[in-house]
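As structure tokens, the structure follows; a few thoughts come after it.
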Amino acid sequence: MKKLLLALLLLLIAATATLYFFPATQLASLRLIEQQRAGLSHQQIRVRDLNIHYYRGGPADGETLVLIHGFAADKDNWLRFSRHLTDRYQVIALDLPGFGDSDRPAGSYDVGTQAERLASILEALGIERAHLLGNSMGGHIAALYAARYPQRTQSLALFDNAGVEAPIKSEFFALLERGQANPLVVRQAEDFQRLLQFVFVEPPYLPESLKRHLAERSMANREHYEQVFQQLVERYIPLEPELPKIEAPTLLLWGEQDRVLHVSSIEVMRPLLRHSSVAVMPGVGHAPMLERPQESALLYRRFLQGLTP
């Protein structure tokens with residue numbers, strides 16, 4: 001019995017050491033667990049000259065939801081959110097070109113270019129019509145796609161989306177106007193914790209070893225993210241003229257304490273949309289699907305169910 005307990009103890013120590021010293025393994029394990037809980041599989045497809053990675057799950061005959069992440073993010077942002085949807089809907093969470101596991105093509109990453117890439121991806125996947133959901137930059141892209149391709153958009157959901165000039169300036173834009181560093185780009189290890197505090201009201205728990213790994217990964221992408229952000233600014237496409245072109249029912253969902261994009265953006269968007277619904281989440285920051293995955297998913301699901309005649 002003592003030998004068995006000793007063996008189990010040694011195994012536990014070895015496993016703990018592996019997770020501590022090999023955080024990439026820890027991240028891969030956690031990602032796989034979350035994929036399984038959400039009923040998603042990791043897939044990829046060649047679209048023209050690009051290799052695009054995505055998660056896919058849910059009933060093949062269900063209505064299709066396409067989830068689009070924000071700046072400096074990836075498809076993993078939707079894992080915990082998706083588990084509350086895949087029982088009824090077919091869920092596809094993309095890595096946009098230039099992010100996550102997808103290829104990084106030469107050229108532009110402005111929202112107009114990405115919206116056309118999105119159109120090519122959905123065509124390659126055989127998706128003729130879908131419910132689109134985007135967060136932050138992904139919301140800007142999704143809204144532009146819905147304006148350009150109204151017949152291919154069944155509904156639109158925008159979570160704290162970029163693309164409009166809010167009546168009240170956000171803390172993020174105030175910082176940039178004062179010439180301070182972009183808080184969404186990690187340049188040194190301590191920036192990662194500041195990023196979490198800036199994006200979330202209550203940041204999700206991360207073990208220190210995993211937090212260090214994510215900080216290192218973000219720092220490795222710093223130059224790329226800075227170039228992408230510069231293109232987003234220089235080739236900015238305002239949504240105000242585009243929103244009246246959107247025919248699909250649209251959900252505007254915002255974290256009330258968003259420091260990146262101010263909740264007053266809703267005041268600009270709502271009058272310009274033909275069919276809009278609004279949900280504001282108190283005590284939530286810029287990424288509701290990460291900070292409150294179940295609550296935001298249920299709000300989104302309620303919106304979708306309300307579309308049924």
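Quick notes on this structure:
- Equivalent-ellipsoid semi-axes of region 219-267, from the Cα gyration tensor, Å, largest first: 26, 17, 10
- DSSP bridge analysis restricted to the chain gives an antiparallel fraction near 30%, rounded to the nearest 5.
- The HN-Hα couplings worked out from phi for region 263-276 by the Karplus form 6.51 cos²θ - 1.76 cosθ + 1.60 (θ = phi - 60°) are 4, 5, 4, 4, 4, 7, 6, 4, x, 8, 9, 6, 9, 10 Hz, whole numbers, x standing for Gly and Pro.
- Cα-based shape type of region 84-205, given that a ≥ b ≥ c are square roots of the gyration tensor eigenvalues and the cut on a/c is 1.5: prolate
- Protection proxy ranking for 170-176, 82-88, 67-73, 103-109, using the average of other Cβ atoms within 10 Å per residue and placing the highest first: 67-73, 82-88, 170-176, 103-109.
- Between 0 and 90 degrees, the angle of helix 208-220 with respect to the longest Cα principal axis of the chain falls at about 50 degrees.
- The alpha-carbon atoms of the chain, seen along their principal axes, cover 72, 51, 42 angstrom, with the largest extent given first.
- Amide hydrogen neighbours beyond the local backbone of Leu251, cut-off 5 Å, H modeled: Leu156, Ala157, Leu158, Ser277
- From the largest down, region 11-168 spans 56, 40, 35 angstrom on the principal axes of its Cα atoms.
- Whole-number accessible area per residue in Å² for region 110-165, which is evaluated in the context of all protein chains at 1.4 Å: 26 Å²
- Crossing angle, helix 293-305 versus the chain [Cα axis fit, 0-90 degrees, rounded to tens]: 40 degrees
- Taking a ≥ b ≥ c as the square roots of the eigenvalues of the alpha carbon gyration tensor, region 147-229 is prolate, as a/c is not under 1.5 and a/b beats b/c.
- Cα point-scatterer Debye curve for region 165-309, base-10 log of I(q)/I(0) at q = 0.14, 0.16 Å⁻¹: -0.83, -1.04
- Ranking by accessible area, most exposed first, for Phe81, Phe200 with a 1.4 Å probe: Phe200, Phe81
- When the alpha carbon coordinates of region 23-104 are projected onto the principal axes, the ranges are 34, 33, 20 Å, largest first.
- Degrees separating the helix 137-148 axis from the principal Cα axis of the chain, which is the longest one: 40 degrees
The values are calculated or read from the model by the stated rules, or taken from the named source; none is laboratory data. All values derive from a computational prediction rather than experimental measurement. Every residue, glycine as well, gets a Cβ built from its backbone with ideal geometry; the counts of neighbours run over all protein chains shown. Protein only, heavy atoms only, side chains kept; ligands, DNA and RNA dropped before computing areas. Shrake-Rupley method; radii C 1.70, N 1.55, O 1.52, S 1.80 Å.
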